[in-house]
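Student: Mind having a look at this structure? Questions to follow.
The values are calculated or read from the model by the stated rules, or taken from the named source; none is laboratory data. These numbers come from a predicted model, not from an experiment. Cβ placement follows ideal geometry from the backbone for every residue including glycine, while neighbour counts extend to all protein chains displayed. Note: accessible area is taken over every heavy atom of the protein model, side chains too, but ligands, DNA and RNA are not part of it. Shrake-Rupley method; radii C 1.70, N 1.55, O 1.52, S 1.80 Å.
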Amino acid sequence: MAKGWLGLAVLGVCVALLTGCWDRRELEERTSVLAIAVDMVEGEEKELYRLTVQIPIPIKIAGSSGQGGGGNADAVKIMSVTGRTILDANNNLQSRLNQKLFLGHTRVLAVSEEVARKGIGDIMDSFRREPQIRRLMWPIVVKGEAATLLKIKPQLAQIPVVFLMDLIENGAKMGTIPDQTLGDYFNQTSNKTMQAFLNYVQASATEVRWRGVAVFRGHKMVGTLNEVQSWSFLQLRNEERGGDVVIPLPNTENGYVTFRPHFVKTRLELKSSKSKGVHAATFFCELQGDIVELTVNTKMSPEAFIQNMQRLIKKEMDDRAKKLIYQLQKEYNSDILKLGLALRAHHYRDYWETHDWVKDFKQFPIGVDYTIKIRRLGMEMQ
């Protein structure tokens, strides 16, 4: 009798462990969202959030279920709703759908520059609490209306947001665009030693273009870095190569040389004087690359040409970095270079405990010293 009860108990436990799919929901019963855009609109009493989503239509995507598929306009559905908060707008959107809204496949969160400058702390709060949201999603600031980014009709991709995803992914692989995810933004805004940044883009009817980096202080956007400044930022912060360096040649008429970095090595040196109480930082950045274009004949030997080009490129990169540091310190007062993180790690007792980094960053001595090494001159110089 005891064995019978024991067997029944074991059977009951096994049955309980097999109920893992009791709340399953088939993919066909969900409405997946690929991208979300957030703008501000005028309401009757106060400003409201306008939430725009891009929803793929599987049966109309080329190759789906053996169908021929349709064009860009047929492959996705664009829907917009308003709400006092993001969750309120999300609930209003759900009331217009015949299936449960699913955000687990969302890859892009676009906010307009207007919204970003007012602050996105309340927006990010709802996304941070939602377990469906992927931390690998890309948050992006859009110049102008954020919904424009979801309505583009690129000729190179059937689904508009896929074109943007490829743009960022390939740019990140090449080291020309920051791979800044939602998880990175959460980490940066939760850490007192650094400030956050997001990719900054501009969209038109048929295309989207990366325009640089949006700089934040807290959850508010305070300014932007253009493409050239963003490349210097990537070299100093992430050891990414950035884009090509085009420099006018002195003593020539419309003469230019183009240097393409391939390898980047950056070292941050912190100096302190206990007696004087002075601290300073210097970024030492080494760029190795090739000369990929020369529009005039300099009539120099390869040895003299290399020395001259290394000097010109170093001056250009030093000047770019100085402008970047000035802009971050004097105009934006935002440490997106992670300098505060290094100070807290290496000078906690003699600096970090006794200083307010948010106030001190604006006046903190920061230097940059580039070293340029040209590896190849191309077939012409050989």
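Student: Considering only protein heavy atoms, with the full assembly of protein chains and a 1.4 angstrom probe, order 279, 346 by accessible area, largest first.
Tutor: 346, 279
Student: Please pull out the direction-averaged projected area of the stretch 256-382, using the convex hull of its alpha-carbon atoms, in nm² to one decimal place.
Tutor: Result: 9.5 nm².
Student: To continue, here is another question. Give me the dipole magnitude in Debye, nearest 20, for the chain about the Cα centre, with unit charges on the beta carbon: positive for Lys and Arg, negative for Asp and Glu.
Tutor: 780 debye
Student: With a Cα-only, solvent-free Debye model of the stretch 325-382, what are the log10 I(q)/I(0) values at q = 0.13, 0.14 Å⁻¹?
Tutor: -0.48, -0.52
Student: Given a Förster distance of 35 angstrom, what is the FRET efficiency for residue 342 paired with residue 77, based on the Cβ-Cβ distance and rounded to 0.05?
Tutor: Efficiency, from the Cβ-Cβ distance: 0.15.
Student: May I ask you to list the aspartates and glutamates whose Cα is less than 17 Å away from that of residue 362, ignoring any residue fewer than eight positions away on the same chain?
Tutor: 331, 335
Student: Also, quick follow-up: Given the options 220, 338, 100, which has the most mean-square fluctuation in a GNM of the chain, springs set between C-alpha atoms less than 10 angstrom apart?
Tutor: Of 220, 338, 100, the Gaussian network model singles out 100 as fluctuating most.
Student: Any idea what log10 I(q)/I(0) is at q = 0.14, 0.15 Å⁻¹ for the stretch 166-208, Debye with uniform C-alpha scatterers and no solvent?
Tutor: Debye curve over Cα of the stretch 166-208, log10 I(q)/I(0) at q = 0.14, 0.15 Å⁻¹: -0.43, -0.48.
Student: Step through the table entries 118/153; 299/323; 323/359; 143/323; 299/373, compare each Cα-Cα distance with 31 Å, and write down the pairs that go over it.
Tutor: Flagged as over cut-off: 299/323.
Student: Whole-Hz ³J(HN,Hα) for each residue in the stretch 208-221, computed from phi via Karplus 6.51 cos²θ - 1.76 cosθ + 1.60 with θ = phi - 60°, x for glycine and proline: what do you get?
Tutor: Values, residue by residue: 10, 10, 6, 10, x, 10, 8, 9, 10, 10, x, 9, 10, 6 Hz.
Student: Right, something else. Got a number for carbon plus sulfur as a percent of the stretch 179-308's accessible area, 1.4 Å probe?
Tutor: Percent of accessible area from carbon and sulfur atoms in the stretch 179-308: 45.
Student: Once ligands and nucleic acids are excluded and a 1.4 Å probe is used, how much of residue 151 is accessible, expressed in Å² to the nearest 10?
Tutor: Surface accessible to solvent at residue 151 totals approximately 100 Å².
Student: Grab the Cα-Cα distance for residue 192 and residue 244, subtract it from 0.36 nm times how many residues apart they are, and report the gain in nm with one decimal.
Tutor: On the way: separation 52, 0.36 × 52 = 18.72 nm, distance 3.38 nm.
Here the segment from residue 192 to residue 244 would lengthen by 15.3 nm.
Student: Okay, which of the stretch 195-223 sit inside 16 Å, backbone N to the point 7 Å along the Cα-Cβ direction of residue 153?
Tutor: In the stretch 195-223, the label zone of residue 153 (backbone N under 16 Å from the point 7 Å along Cα→Cβ) covers 204-208.
Student: Can you compute 3J(HN,Hα) from phi for each residue in the stretch 180-197, using the Karplus curve 6.51 cos²θ - 1.76 cosθ + 1.60 with θ = phi - 60°, rounded to whole Hz and x for Gly and Pro?
Tutor: So the J values, rounded to whole Hz, are 9, 9, 5, x, 4, 4, 4, 5, 5, 6, 8, 10, 6, 8, 8, 10, 9, 8.
Student: Now a separate question. How long, wide and thick is the stretch 76-212, going by the Cα atoms along their three principal axes, in whole angstroms, largest first?
Tutor: If we take the Cα atoms of the stretch 76-212, the spans are 43, 42, 26 Å.
Student: Please give, to one decimal in nm, the separation of the simple spin-label points placed at residue 267 and residue 173, each 7 Å out from Cα toward the Cβ.
Tutor: 3.2 nm
Student: Based on DSSP, what percent of beta bridges with both residues in the stretch 130-233 are antiparallel, to the nearest 5?
Tutor: So the antiparallel bridges amount to about 75 percent of the total.
Student: What is the spin-label model distance, in nm, from residue 135 to residue 284 if the labels are put 7 Å beyond Cα along the C-beta direction?
Tutor: The modelled label-to-label distance comes out at 3.4 nm.
Student: Moving on to the next point. In a solvent-free Debye calculation with one equal scatterer on each Cα, what is log10 I(q)/I(0) for the stretch 217-297 at q = 0.26 Å⁻¹, listed in the order of the q values?
Tutor: Result of the Debye calculation: -1.15.
Student: A follow-up question, please. Using a cut-off of under 16 Å, list every residue of the stretch 162-203 whose amide N is near the label point 7 Å from the Cα of residue 32 along the Cα-to-beta-carbon line.
Tutor: Output list for this probe position: 162-163, 165-166.
Student: Given a 1.4 Å probe and heavy atoms of the protein chains only, how would you sort 284, 233, largest accessible area at the top?
Tutor: Heavy-atom accessible area, descending, gives 284, 233.
Student: Continuing with this model, one more query. Leaving out ligands and nucleic acids, note down the accessible area per residue over the chain with a 1.4 angstrom probe, in whole Å². Present the calculation step by step, with values, prior to reporting the outcome.
Tutor: Values: 20530 Å² over 382 residues.
Heavy-atom accessible area per residue stands at 54 Å².
Student: List every residue whose amide H lies under 5 Å from the amide H of residue 77, counting only residues 5 or more places away in sequence or on a different chain, with H placed 1.01 Å from N in the peptide plane.
Tutor: Close amide H contacts, sequence-distant or interchain: 55, 57.
Student: For a distance above 20 Å, tell me the whole-number percent of Cα pairs in the stretch 142-279 that qualify.
Tutor: 60 percent
Student: Run the 1.4 Å probe and let me know the accessible area of residue 303, rounded to the nearest 10 Å².
Tutor: Per-residue accessible area (residue 303): approximately 120 Å².
Student: Let me ask something additional. Where does the chain land at 222 nm, in deg cm²/dmol rounded to the nearest 500, when only DSSP H runs of n ≥ 4 count, each adding -39500 (n - 2.57), divided by all residues?
Tutor: Using -39500 (n - 2.57) per qualifying helix, the result is -9500 deg cm²/dmol.
Student: Another one. Hey, if we sort 111, 292 by accessible area with the 1.4 Å probe, largest down, what's the order? Could the numbers behind the result be given before it?
Tutor: On the way: 111 5, 292 70 Å².
Largest accessible area first, the residues go 292, 111.
Student: Here's another thing I want to ask about it. Starting from 0.36 nm per residue, how many nanometres of slack lie between residue 125 and residue 377 once their C-alpha separation is accounted for?
Tutor: Gain on extension, residue 125 to residue 377, equals 85.6 nm.
Student: May I pose another question? Given labels modelled 7 Å from the Cα in the Cβ direction, how far is it in nm from residue 260 to residue 295?
Tutor: 1.8 nm
Student: Still on this structure: If you count only protein heavy atoms and use a 1.4 Å probe, how large is the accessible surface of residue 272, to the nearest 10 Å²?
Tutor: 60 Å²
Student: May I pose another question? Take the solvent-accessible surface of the protein heavy atoms, probe 1.4 Å, and return the percent of it on the stretch 75-121 that carbon and sulfur atoms account for.
Tutor: So the carbon and sulfur contribution to the accessible surface is 47 percent.
Student: Under 5 Å between amide H atoms, partner at least 5 residues away or on a different chain: which partners does residue 196 have, H built in plane at 1.01 Å?
Tutor: 216, 218
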